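Q: Structure below; questions to follow.
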Amino acid sequence: MRALDAEITGWTLTEHAGLSRETVRRGLHENELKPWQRKMWRIARVDAEYVARMEDVLDLYATEPKPNQPVVSFDESPVQLIGEVREPIAAVPGQAQHYDSEYHRNGTANLFVMVDAHRPWRHVKVTDQRTGQDFAACMRDLVDQHYPRAQRIRIVWLNMMEIEIGVRCTMCLDRRIEQRSVLESEMATWERRRNVSKEKIKWMFHCEKARKKMRHAYPQINSRTNAIPVAA
């Protein structure tokens, strides 16, 4: 299959005299390849500065928890409010629920999500938009309501929040939600259940793993001069 993978990458499969369409189909299926698909993505510049800042965050995640100096992962996520045009057909034994492909667009809402890195706590605030004023209000709530006795609150952005947002999407946002009031109720219920059950993200990516997995991004020290070459 190695040769087949190379041919798939080069988009020459259907032109190869020795391969039938069925062979191509099986090869794509067995190797879970979809060369016709493309995704737009923000490709980060992973260099020495990037990994240095990353390690600062990883060190925060790995430090011994201090009640008066919490570490909070924070991010926002947009949600589209979608209403049904026709009443869905309820599920019955042997048949899944049916809902119409047509829908109403009812605007958007924004979710500010915050997760404590060291204890099983998270909070979701629903807003109409995500302006600087909305962000400032969230920071004020964090200080005045959620951590009133903290001497210092460290706010970080890293994959811990992406994990929590993924869990929320799977458990709560996998269906159409028509109104902001319903969204707020759903988020409050999800938040309460997660906090009561003491669900906590088990973070396993630390500096040692980062240095192995991303060693190409770390500056290389010259063993003769102990000098770190300057990146071009």
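We did not get these values from a lab; they are worked out from the coordinates using the rules stated. All values derive from a computational prediction rather than experimental measurement. Here the Cβ positions follow ideal geometry from the backbone for every residue, glycine too, while neighbour counts run over all protein chains shown.
Q: Please tell me which of these pairs span more than 30 angstrom C-alpha to C-alpha: 66/198; 39/213; 34/198?
A: Details: 66/198 18 Å; 39/213 23 Å; 34/198 39 Å.
Too far apart for the 30 Å limit: 34/198.
Q: Still on this structure, I have one more. First select every other residue whose beta carbon is under 15 angstrom from the beta carbon of residue 201; then total the charges, Lys and Arg +1, Asp and Glu -1. It would help to have the intermediate numbers written out before the result.
A: Details: positive: 119, 122, 168, 194, 198, 200, 202; negative: 75, 116, 162, 164, 191, 199.
Result for the neighbourhood of residue 201: +1.
Q: Can you tally the net charge around residue 110? Count Lys and Arg as +1, Asp and Glu as -1, for every other residue whose Cβ sits under 15 Å from the Cβ of residue 110.
A: Details: positive: 125, 130, 168, 180; negative: 75, 76, 128, 134, 141, 184, 186.
Every neighbour counted, the sum reads -3.
Q: Still on this structure, please answer the following. As a footprinting exposure proxy, order 153, 89 by other Cβ within 10 Å, with the fewest listed first.
A: On the way: 153 16, 89 12.
Final ranking by Cβ density, sparse to dense: 89, 153.
Q: Subtracting the Cα-Cα distance from 0.36 nm times the residue separation, let me have the gained length for residue 24 to residue 207 in nm, one decimal.
A: On the way: separation 183, 0.36 × 183 = 65.88 nm, distance 4.19 nm.
Answer, rounded to one decimal: 61.7 nm.
Q: Continuing with this model, one more query. Cut-off is 10 Å between beta-carbons; in what order do 144, 116 appear when sorted fewest neighbours first?
A: Values: 144 9, 116 20.
Ranked by crowding around the Cβ, least crowded first: 144, 116.
Q: So, one more: Using the alpha-carbon centroid of each, what span in Å lies between segment 47-87 and segment 103-131?
A: About 12 Å separates the Cα centre of segment 47-87 from the one of segment 103-131.
Q: Sort 123, 104 by Cβ crowding within 10 Å, fewest neighbours at the top.
A: On the way: 123 20, 104 11.
Fewest to most other Cβ atoms nearby, the residues stand as 104, 123.
Q: Same structure again: Starting from the amide H of residue 118, placed 1.01 Å from N in the peptide plane, find each other amide H under 5 Å away whose residue is 5 or more places distant or on another chain.
A: Correct list: 71.
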